[in-house]
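Coordinate-derived values only; no laboratory data. Quick caveat, the model's predicted, so the values are computed rather than measured. Reconstructed Cβ throughout: ideal geometry from the backbone, glycine too, with neighbour counts over all protein chains shown.
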Amino acid sequence: MAPRVSLVVAVYDQPRFLELVLTSLAGQTLEDFEVVIADDGSGPAVRDVIEAHRSRLAQPIGHVWHPDEGFRKTVIVNRAVASSAGEILVFIDGDCILHRRFLERHWRRSRRGQLLSGRRVMLDAEITRTLTPADVASRRLESPVFWWAKSLPSSRRRGLYMPWMFGLNRAIRAGYSVLGSNFSLPREDFLAVNGYDERILGRGLEDSNLDARLQKAGIRAAAISSEAIQYHLFHRSGPMPHDAAAWRTFSHPDAAWTPFGMTRGPVR
């Protein structure tokens with residue numbers, strides 16, 4: 001039987017980060033899920049972390065890998081989705097640790113024609129350096145007292161899990177768009193636009209392009225911040241290599257379906 005949720009984790013190296021992320025999966029309140037690692041060309045240390053957690057986690061962990069030829073997240077995530085089986089697709093990055101109710105909230109809020117998009121608590125360099133798997137497994141990380149002074153102030157409210165505020169938060173957080181490290185949608189909706197556009201290589205544009213095409217398909221984003229909480233580990237990000245023409249082309253696509261996605265050619 002297919003799992004309710006396929007969790008697609010996009011990674012490139014950073015095995016210590018992946019260790020912390022996979023540790024956070026063991027305590028998820030929703031247990032009916034699979035994990036698919038979308039590996040953009042990492043070295044063997046990442047494979048070793050995955051193998052170690054296959055014996056620790058009750059849920060299956062798939063590993064989809066291709067050679068390192070630069071930032072090709074669009075390609076490897078599409079391949080990971082193709083290898084998955086869940087009703088709902090949840091996407092995160094390998095630098096984001098999950099609150100224990102993360103998958104449960106994405107599952108409970110999911111419905112056809114709606115994309116759910118959240119945001120992150122941005123941890124600073126100090127806590128990122130000292131954080132241990134024990135801090136994650138014990139749920140110490142889920143206490144705001146633990147990370148409050150070591151996080152970006154503007155992101156702190158995103159880490160306050162207060163169910164009585166969910167309705168208000170949804171009402172005031174309109175106009176959300178796709179954030180690649182925290183979003184979900186039904187499998188059928190992702191396939192309806194043919195997934196990510198694989199012409200987009202290099203960091204940036206992949207999420208805004210997907211969001212624009214989903215909107216053209218009638219699929220709207222709704223906020224799930226402060227419900228599906230995640231904690232982002234600090235690191236430096238590389239530049240976005242796209243020129244002005246690429247920004248115009250991919251930020252404003254002509255159609256919902258891309259012929260350069262999970263399958264090649266016109267809409268089927």
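What do you get for chymotrypsin sites (Phe, Trp or Tyr not before Pro) in region 1-47 restricted to DSSP loop and a cutoff of at most 14 other Cβ within 10 Å of the site's Cβ?
Values: sites: Tyr12, Phe17, Phe33; in loops: Tyr12.
Answer by residue number: there is no such site.
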Quickly estimate the mean residue ellipticity at 222 nm for the chain, helices only: each DSSP H run with n ≥ 4 gives -39500 (n - 2.57), and the total goes over all residues, rounded to 500.
-9000 deg cm²/dmol
If each residue of separation counts as 0.36 nm, what is the full-extension length gain between Arg236 and Lys216 once their alpha-carbon separation is subtracted?
3.9 nm
Rg/Rg_globular for region 1-159, with Rg_globular taken as 2.2 N^0.38 Å and Rg from C-alpha atoms
1.02
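Taking Rh as the Kirkwood radius, which is the inverse of the mean 1/r over Cα pairs, what is the Rg/Rh value for region 132-234?
Working: Rg = 16.3 Å, Rh = 15.9 Å.
Rounded to two decimals, Rg/Rh equals 1.02.
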By the gyration tensor of its Cα atoms, with a ≥ b ≥ c the square roots of the eigenvalues, what is the shape of the chain: rounded for a/c under 1.5, prolate for a/b over b/c, or oblate?
rounded
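Considering only region 5-251, what is the antiparallel percent among its DSSP beta bridges, to the nearest 5?
Details: 11 of 35 bridges.
Around 30 percent of the beta bridges assigned by DSSP in region 5-251 are antiparallel ones.
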When all C-alpha to C-alpha distances in region 16-66 are sorted into bins of 10 Å, what percent of pairs does each bin hold, rounded to whole numbers?
24, 59, 16, 0
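Given charges of +1 on the Cβ of Lys and Arg and -1 on the Cβ of Asp and Glu, with all other atoms neutral, how large is the dipole of region 5-251 about its Cα centre, in debye to the nearest 20? Write down the numbers at each step before the final one.
Values: 33 positive and 28 negative charges, 202 e Å.
Result for region 5-251 is approximately 960 debye, rounded to the nearest 20.
Charges at C-beta only: +1 for Lys and Arg, -1 for Asp and Glu. How large is the resulting dipole of region 69-202 about its Cα centre, in Debye rounded to 20? Walk me through the intermediate numbers first.
Details: 23 positive and 13 negative charges, 111 e Å.
Dipole magnitude for region 69-202 comes out near 540 debye.
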For region 48-126, which GluC sites (Glu not before Pro) pass both filters: DSSP loop (anything but H, G, I, E, B) and at most 14 other C-beta atoms within 10 Å?
Glu69
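Would you mind counting up the charge near Arg16? Only other residues with Cβ under 12 Å from its Cβ, with Lys and Arg at +1 and Asp and Glu at -1. Walk me through the numbers on the way to the answer.
Numbers: positive: Arg129; negative: Asp13, Glu19, Asp48, Asp95.
For residues surrounding Arg16, the net value is -3.
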Using 0.36 nm times the number of residues separating Trp148 and Ser55, minus their current alpha carbon distance, what extension gain do you get?
30.2 nm
